[in-house]
Every structure is written in C-alpha cells, then in structure tokens.
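All of the numbers you see were taken from the coordinates with simple rules; none came from a lab. Fair warning: this is a prediction, and the values are worked out from it, not measured in the lab. Using ideal geometry, Cβ is built from the backbone for each residue, glycine included, and neighbour counts are taken over all protein chains shown.
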Amino acid sequence: MARVVVVHGIGHEWSGPALMGQDVAPALRDGVRQGSGLRLDADDVACAFYGDVFFEEDTRNLGVPPWDEHDVEEGFESELLMAWWEAAAGADPAVPAPDEPGTRAFPGTGRLLSQRVRSALDALSGSRFFGTYSDRMMVFALKQVRRYMNEPVVWQEARARVAEEIGPDTRVVAAHSLGSVVAYEALCEHPEWPVTDFVTVGSPLGLSLIFNRLSPLPENGAGAWPGGIRRWTNVTDPGDLVAVVHELAPRFGTVTDEQLDNGLKPHSLLRYLTARKTGRAIAQGLG
C-alpha cells in the first residue's frame, strides 16, 4: 500500500484514482524531492477518489445544471456563499464588501434571498479568484460542500474511499480543500491507523460554518485531534478564498500553519503539492 495518500477536493467528479494519480503523484513527488531531497517511487503515492459519490451510479452525462441565484438554498449554501464574499472583499480591492460586514446570514427568504445571492454572485464574478467561475459552477461548489456536510450517504462513502487506500505502510495523508474535511473526519474515526502525519492544503476546516459541523463535534471551541497522528501541517495561500481561515492552530491546537504564494492559481492542488513547504512536511512523515 502507498506511503502517502492524497485526498482531493471538489471538481473531480469525472475522474478516478488512477487518472488523478497521473498528475497528483508526480506533483507530490516533485514537491518532496525539492523540499527535502527525498525521492519517492510511483507506488509510494495513491489517490483516495470520492468525486463520483455525488452522482447516482453510472450517471455520466448530467454535466452542471443551469443553476443561478434562485437555486441557492437558505441556510448552509447561502451562508457559505456569504463567507466567500466576505473573504473576497477582504483580499481583493475590486470586490465590493457586503452591506453587513461580519454577518454570516442572508436576510429573508424567497425573492429577498435571491436578490442577496445575486449580489454575492455578481461580486464574486469580479474577483481575481472566482472571475473564471460561472454562476452555475459557484452554485455547484456550494451544493457539493453542503451535501457532504449534511447527507450521510455522501460522507459515509467519501470517508470509506479514504479508508480503502490506507494500509500498513501509510504514514502521511495529504488533503486538499473539501478533501481535508473528509480526511480529518476519517482520521478521527480511525485512531488505529498507522498514519503519523496530516498535511492539509487550501483547507476550509477553520471556517465556523464547517468547523461547528465536524464529526466529532468540537468541544468548548476546540476541534478534536485527528486520530493518532503526531504532526499536522496546514499550508495555505493568503489569496485562497476557499480556505477563508488560514490558521488552524487556534481551532485544533498544535498545528503548524504555513503560508506560500501559488501565483495566479491560489487554490491549485498541483501548485500546493509542488511547493517546497508542502514537500518538507510530507517528507517529515516519511522519515
């Protein structure tokens, strides 16, 4: 079994573990080599793939529905959209701030909610980060995160996909974006795993909307330590709006928070993996 298991984020629905590995594994191996000098073999790295759990089995032609502001649900989806808007306004001068800075809720329902969502989508479409995303893609991302957090059939299968890749030789789990939530909860469920190091990149685990829904639930404002790991390194680009909260130590304890610059693609998994800081953190777990 692989010594390093990578858990992806959203946007890989039509891929698979082998196909993802063609890009992800070489990127990780390059980052480890540049960061530490350690050379990994191809079979040292595996991808835990769960992108297909969001669709019915053998459904391959749905694409992304023509969603717009009327399809964003009240509650989790609208609150996550607001969090992105606030983060974008704080990081990008071109993005107008919400009318009520600091709030996580959209006022009203029905037409009032749709108007507020429309304002948020328009603001984000003018940002450097979300400027290449269509409305339907932003709504698609909101719904995937909401489904993982709220639908047992989705989170159970996603965590099971991580478990399938963990073997007696696995020492490091590296997880990106929503995948860091999947990996964190899987590690919490399995303290018996031999994994010693957890490396998160572009992680939204510190966002209150997600943090307060984690399994196990936080106690007294502190998140549970993930399983039997010894070290947790969290790497973010300050311009990565999906991460929103860039320091996890205040939430989880002895996390080593690192920052880097991924250039024009701050949330890119491949850019995170090829970075020396990420490579050094992974190499540390491999001795």
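What is the packing order of peptides 35-45, 185-195, 200-210, 274-284, taking the mean over residues of other C-beta atoms within 10 Å and listing the highest first?
On the way: 35-45: 15.3, 185-195: 18.1, 200-210: 24.5, 274-284: 22.4.
Going from most to least packed, we get 200-210, 274-284, 185-195, 35-45.
For 245, 139, what ranking results if the residue with the fewest other Cβ atoms within 10 Å of its Cβ goes first? Let's see the in-between values first.
Working: 245 18, 139 25.
By the 10 Å Cβ count, ascending: 245, 139.
Return the distance in nm (one decimal) between the two label points of a simple spin-label model at residue 18 and residue 150, each offset 7 Å from Cα along Cα→Cβ.
The two pseudo-label positions are separated by 3.7 nm.
Mind giving me the nanometre distance, one decimal, between the label points for residue 128 and residue 230, set 7 Å out from Cα along Cα→Cβ?
In this crude spin-label approximation the distance works out to 3.9 nm.
Taking just the alpha-carbon atoms of segment 69-149, what radius of gyration and Dmax come out, in angstrom?
11.6, 32
Taking the number of other C-beta atoms within 10 Å as the exposure measure, put 232, 67, 155 in order starting with the fewest.
On the way: 232 23, 67 17, 155 20.
The fewest-first ordering by Cβ neighbours comes to 67, 155, 232.
Determine one quarter of the surface area of the Cα convex hull of the chain, which equals its mean projected area, and express it in nm² to one decimal.
On the way: hull surface 57.4 nm².
With every direction weighted equally, the projected area is 14.3 nm².
Any chance you could run the full-extension gain for residue 157 through residue 70? It's 0.36 nm times the residue separation minus the Cα-Cα distance, nm to one decimal. All intermediate terms of the calculation are to be shown ahead of the outcome.
Numbers: separation 87, 0.36 × 87 = 31.32 nm, distance 2.93 nm.
Stretched out fully, the residue 157 to residue 70 stretch lengthens by 28.4 nm.
When the Cα centres of segment 222-287 and segment 1-46 are compared, how far apart do they sit, in Å?
Each part reduced to its Cα centre gives a spacing of 16 Å.
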